[in-house]
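For reference, the structure is listed below as structure tokens.
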């Protein structure tokens, strides 16, 4: 039930640095194209206020962490090989990149906001490249890839749709099932592309491409405008915010890595997403560390944060539409069978019903589902009504 977020982008723009900042995994990072060849997988976390304080309890997290009333809930992150123009045709590591991306529920598109890498990922002087071109190229590559999947065995799909009286939704849903595309998203893409009600037998290249474009548009995503600390980035970030219809989050991934490493070494007090940090009393810093922290302090004062956690929260909570729920077994103590208070916090789609949550916890619990109770209000929850964010839920099951 763990969601998967893909970190995508042109080669050598800071994808792996962003991935490391989010997961703190040791990955290969270098200032050359195609440093990442095989995908990196790791666990990142969404940061949300925990319900422990409003309930007046001390929690004992099992599947997540609670630090200072902030719940850090894990999900899987995938850093795929960098993309170059023509990847959908197999150029560079394109086929591998796109195949690795298949199961992603959402995407964080890392862009060199300073325009300091050319279209092939080679280093150039900041300001020479317009990052909007990189956004458009990634969109083109992924859309063309979806189009190519659509065209595989197209005549067979047409024949199948004819046997179902011309309704393409089921056929297209099955065709795109491997891309984590739901039936509802297929229907929405048909509506938005003006193809609702049309027969697949009438579709030509233009219609297939129009549908593929809408499938891409529906995929939850944000732009992580990396290297925001470089002076050339600020104007580019504003241009992207004005031109793009998706959130653009200024990020400085290198600064986030430095802060998290300093916190791990017990030199500073810092949580991912904080607006500032504090040097711990008695911490001994060398001159290089002092200079680095002074520079990062300037960055935080300008941008409000390094942007890494902001990008994560935006794509998971707002674009994908995840909510946080806390399953418990004892509705009075908010605990599990072993007495652990608020042991688990799950990220689920905002459309998730109590019965669907039961299946996500365990298939047997779902099969034996009887009803669910709001552990705070003690009211029984309607089986088919979506759960609310921050709900504490007791599932009653025969198993």
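Taking 0.36 nm per intervening residue step and subtracting the Cα-Cα distance, what contour gain separates residue 243 from residue 333 on full extension?
Contour length minus Cα-Cα distance gives 27.4 nm.
Summary of packing: across the peptides 231-239, 379-387, 286-294, 72-80, the per-residue average of other C-beta atoms within 10 Å ranks them, highest first, as 72-80, 231-239, 379-387, 286-294. Listed from fewest to most Cβ neighbours within 10 Å, the set 303, 145 follows the order 303, 145. Once the convex hull of all Cα atoms in segment 279-399 is built, its volume per residue stands at 173 Å³. Its DSSP H runs of at least 4 residues, each contributing -39,500 (n - 2.57), put the calculated 222 nm mean residue ellipticity of the chain at -10500 deg cm²/dmol, to the nearest 500.
Cβ-Cβ distance of residue 318 and residue 132, R₀ of 35 Å, FRET efficiency by 1/(1 + (r/R0)^6): the value works out to about 0.95. Do you know the relative contact order of the chain, to the nearest whole percent, from alpha carbon pairs under 8 angstrom that are 6+ apart? Here the relative contact order equals 16 percent. With Cα atoms defining each centre, segment 276-306 and segment 161-229 are spaced 46 Å apart in the structure. Based on the inverse mean of 1/r over its pairs of different Cα atoms, what is the Kirkwood hydrodynamic radius of segment 162-280, in Å? Computed over segment 162-280, the radius equals 18.1 Å. Evaluate 2.2 N^0.38 Å with N set to the residue count of segment 332-397, then give the Cα radius of gyration divided by it. Dividing the Cα Rg of segment 332-397 by 2.2 N^0.38 Å gives 1.03. Cβ-to-Cβ counts within 10 Å put 246, 312 in ascending order as 246, 312, the fewest first. Model label sites at residue 188 and residue 280, defined 7 Å from Cα along the beta-carbon direction, differ in position by 4.4 nm. With R₀ set to 35 Å, the beta-carbon distance separating residue 359 from residue 269 gives a calculated FRET efficiency near 0.30. When each of 11, 377 is scored by the number of other beta-carbon atoms lying within 10 Å, the sequence from fewest to most is 377, 11.
Judged by the mean number of other Cβ atoms found within 10 Å, the most tightly packed of the peptides 321-327, 137-143, 203-209 leads the ranking 321-327, 137-143, 203-209. Model label points for residue 385 and residue 151, set 7 angstrom from Cα along the Cα-to-Cβ axis, are 5.0 nm apart.
Once you have a ≥ b ≥ c as the square roots of the Cα gyration tensor eigenvalues for segment 152-215, tell me rounded if a/c is under 1.5, and otherwise prolate or oblate according to whether a/b is larger than b/c. Rounded, because the longest to shortest axis ratio a/c is under 1.5.
At 0.36 nm per residue, and after removing the present C-alpha to C-alpha distance, how many nm does the segment from residue 206 to residue 399 gain when stretched out fully?
64.3 nm
None of the figures in this text is laboratory data; all of them are computed from the coordinates on show. Computed from a prediction, not measured in an experiment: that's the story for all the values here. Because the Cβ atoms are built from the backbone with ideal geometry, glycine has one as well, and the counts that use them run over all protein chains shown.
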